[in-house]
Amino acid sequence: MRDRIRPGVRTLFVGINPGVRSALTGHHFAGFSNRFWKLLYDSRLVAEPITFQDDDRLPDWGFGITNLVSRATPGIDTLRPHEYVEGRKKLAAKVRRFRPPVVALVGVTVFRAMFPDHTGPVALGLQEQTLGEAAVFVLPNTSGRNANFSCAEMLAAFRSLRRWRRRGAPVYRAPSREVNEHAASRSSTRPRPAAAGGVRRSRSRAR
């Protein structure tokens, strides 16, 4: 799956790995029920309705998009520990190269794969961890089969990201509701990443 990133990116979206339909179409978040593209417009992060077929236009709005693991699978239960290790290293290199102010992880599962040493619940919104100089922001998994968050809660998280990008306004932090979000979407098993490789937990950042 080809990344959509250009110099000057302000927000880098990161998925866990491509699903089968994304691999077949060559576009990110292409699942029939995926709400990522609708949430982008409804939150006014982008100025017009777009679909997965428009993912190459994201840099026009200052966005980039990539995956932690590039290999497409029907579900995340077949991803291997070494793929998470390599994925963390590659993502850290992309962040160093393109220097986005914020990395938006699309799903709590992506956060846990990126920061396997983190313990305790994970709320949506801005995190204490950073990736180099980039802030880390957790968005909900946008699969239509993710029942952990309502559409209103998902939209609130995307709107909070918009406010953070534009004004540095106080950000939304939802109560954690980790009921294995990807089990409700493409997999029945949470990933169990290996120890962190090349990505460290940074000091807390005041926002």
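The values are calculated or read from the model by the stated rules, or taken from the named source; none is laboratory data. None of these values were measured; they are calculated from a predicted model. Backbone-built Cβ (ideal geometry, glycine too); neighbour counts: all protein chains shown. Surface areas here come from the heavy atoms of the whole protein model, side chains and all, with no ligands, DNA or RNA. Shrake-Rupley method; radii C 1.70, N 1.55, O 1.52, S 1.80 Å.
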Checklist entry - In segment 70-91, which residues are under 15 Å from residue 4 (Cα atoms) and in a loop (DSSP other than H, G, I, E, B)? => result 70
Checklist outcome for this item: By residue number, the members of segment 9-24 that are modelled with pLDDT under 95 and not basic (Lys, Arg) are 16, 17, 18, 19, 20, 22, 23, 24
Checklist entry - open to solvent by 20 Å² or more (accessible area, probe 1.4 Å), within 18 Å of residue 12 (Cβ to Cβ), in contact with a Lys or Arg (Cβ under 8 Å, 6 or more places away or on another chain) and in a helix (DSSP H, G or I): does that describe residue 56? => result yes
Checklist entry - Taking the stated definitions as given, is residue 5 in contact with a helix residue (DSSP H, G or I) (Cβ under 7 Å, 6 or more places away or on another chain), modelled with pLDDT of 95 or more, closer than 19 Å to residue 162 by Cβ and surrounded by fewer than 22 Cβ atoms within 10 Å (Cβ to Cβ)? => result no
Checklist entry - Just checking, which of 72, 47 is surrounded by fewer than 16 Cβ atoms within 10 Å (Cβ to Cβ), of a type in the set (Gly, Ala, Ser) and either at positive phi or in contact with a Phe, Trp or Tyr (Cβ under 9 Å, 6 or more places away or on another chain) (or both)? => result 47
